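Quick note: the coordinates plus some simple rules give every number you see, no bench work behind them. Nothing here was measured: the structure is a model prediction, and the numbers come from that model. A quick note on method: Cβ atoms are made from the backbone with ideal geometry, for glycine too, and the neighbour counts reach across all protein chains shown.
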Amino acid sequence: MTDTLVTNRSSSRKPASILGAALAGLLLVATQASIAGAVSTRVVATVNDSAISAYQITQRIKLLKIMRPRLVRGSHKQQQKVALQDLIDEKLKTEEAKKLKLLLPNERVVEIISQTPSLKNLATRLKSQGLSSRLVNSYIATRMSWNRILSNKYPNQSVTDEQVAVRTEQFRKDLQKQAAERTVSIYELLQITLPVDKQATPELTNEVARSRLIEADAITRRFKSCRSARKATRGVFNVRIGKRIPADPRKMPKQMRKTLDRAGPGSAFVAGVTPDRSAVNIMAFCGKRRIAPEAPKITSDMVKQRLEDERIENLGKSYLRDLAKNAFIEYKDASLRK
C-alpha cells in the first residue's frame, strides 16, 4: 500500500517537471526576442524631435553598400558612424524640404519611380537586399527634394566655358597618365605542332615520337623569326603553324619569363611531346608589344555636367552645415559620433 502511494506521487510530479522546463524554454526565447527587439529599436541619436534607431543604422549600411560603397569599407564601427551621419543629414534635408514645402509626397515619388527606368531599377535592387519599400521611397524622395531645394536656391549660377576647358584638359592628362600606368608588355608566342601518327603498338608510336623530336630540334635551330616560320619548317612532313598567341608575362612562371628574355625574339624551343603522345610541340618567341587600355572619350558636355554636379554638391554641403548648426543634434551613443 505504501509502495503504491509513493509510485503515484512520483508519476504525478513528472509531468509538472516537464511542463516547468517547457515554460522555462519559452520564457528564455521570449526574453531573447525582447532583448533583440530592444537593441534594434534603441535610440542612438536625435535630430530635433526625430529619433534614429540602431535598426535604421543597420538598414542604412545595407543601402550605402549599394549606393556609395566607398563610404562603408572600414570596420563595423566606422560603417555605423557613416550610416548615422547619413541619416542625420537626411533628417535635416527632409525637415528643410517640409519647411519650404518642397518635399515630394509619397504618391508622387511612387509615380516618378514607376515612370523612370533608372529609378525603377534602383528601387528593385534596393528592395532585393531586404530594404523596405518605405525606406527606399523615403531615400529617393529626400534626394529629389534636396535637388529641388538647391535648384531653387541657386538658380542662376553656372560654370563658365573657361572652367570647362581647363577641367577637360586636366581630365585628358589624368586619363593619359592612368593609361600609361596600366600599360603592360605582352609576349607574343607562336606554336608549331608536329603531329605523331598512331602506330600499331605503343613502342612504334614512341619511336615515331622520337623521330619527330629530332625534326623539331632541327626546326628550332633553323628558326630565325615568326615571320619566316614556313622557311624553318620547309621539308618537314605534316607541320602545323598556329596563330600568334598573346601571353601576359605576369601570369607566366618566373623561369619561363627569364628563359624568353634571355633568348630574345626569334628564338624557338621544343616544348616536348603531348601527354597522349599525339604531337610534338615547338614554342616560338615572336617578341613583345605594349598594350594600353582604351581611354574613355571625354566631351565638353560631359565635363560641364560633372562641374555642375560638383558645384551643386559643394553648395549642398555648405547649406547642410548651416542647417546642422541651427539644429539640436544629440548623440545617445557617444561612440558613434564622427
Amide H to amide H, which residues 5 or more places from Ala271 or on other chains are under 5 Å from it, using H placed in the peptide plane?
Asn281, Ile282, Met283
In whole Hz, what ³J(HN,Hα) sequence does the range 190-197 give by Karplus (6.51, -1.76, 1.60; θ = phi - 60°), x for Gly and Pro?
10, 9, 10, 10, 10, x, 10, 6
Total charge dipole magnitude, the range 184-291, about the Cα centre, Cβ charges on Lys, Arg, Asp, Glu only, Debye to nearest 20
740
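Going through the DSSP H helices of the chain, which span 18 Å or more along their own axis at the Cα atoms while scoring at least -0.5 as a mean Kyte-Doolittle hydropathy?
2-40, 54-67, 133-153
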Taking the Cα atoms of the chain, report the difference between the largest and smallest coordinate on each principal axis, in whole Å and largest first.
103, 96, 39
Estimated inter-spin distance, Lys153 and Arg68, nm [label 7 Å along Cα→Cβ]:
1.6
Taking amide H atoms as placed 1.01 Å from N in the peptide plane, list the residues 5 or more away in sequence, or in a different chain, whose amide H sits under 5 Å from that of Ser53.
Val44
Using the Karplus curve 6.51 cos²θ - 1.76 cosθ + 1.60 with θ = phi - 60°, work out ³J(HN,Hα) for each residue of the range 329-338 in order, rounded to whole Hz, and write x for Gly and Pro.
10, 10, 9, 6, 10, 4, 5, 9, 6, 6
At 222 nm, what value in deg cm²/dmol follows for the chain if DSSP H runs of at least 4 each add -39500 (n - 2.57) and the sum is divided by all its residues, to the nearest 500?
-20500 deg cm²/dmol
GNM of the chain, Cα pairs under 10 angstrom: of Thr46, Thr94, Thr259, the biggest fluctuation goes to Thr259
Can you tell which of Val196, Ser211, Ile186 lies farthest toward the positive end of the dipole of the range 169-223, using +1 and -1 charges on the Cβ of basic and acidic side chains (Lys, Arg; Asp, Glu)?
Ile186
Alpha-carbon centroids, the range 99-117 and the range 216-289: separation in whole Å
65
With +1 at each Lys and Arg Cβ and -1 at each Asp and Glu Cβ, the charge dipole magnitude of the range 65-200 around its Cα centre, to the nearest 20 debye, comes out at 700
So, with +1 on the Cβ of K and R and -1 on the Cβ of D and E, and no other charges, what is the size of the charge dipole of the chain about its Cα centre, to the nearest 20 debye?
960
Using the basic label-point model (7 angstrom from Cα toward the beta carbon), what is the Lys338 to Glu207 distance in nanometres?
8.3
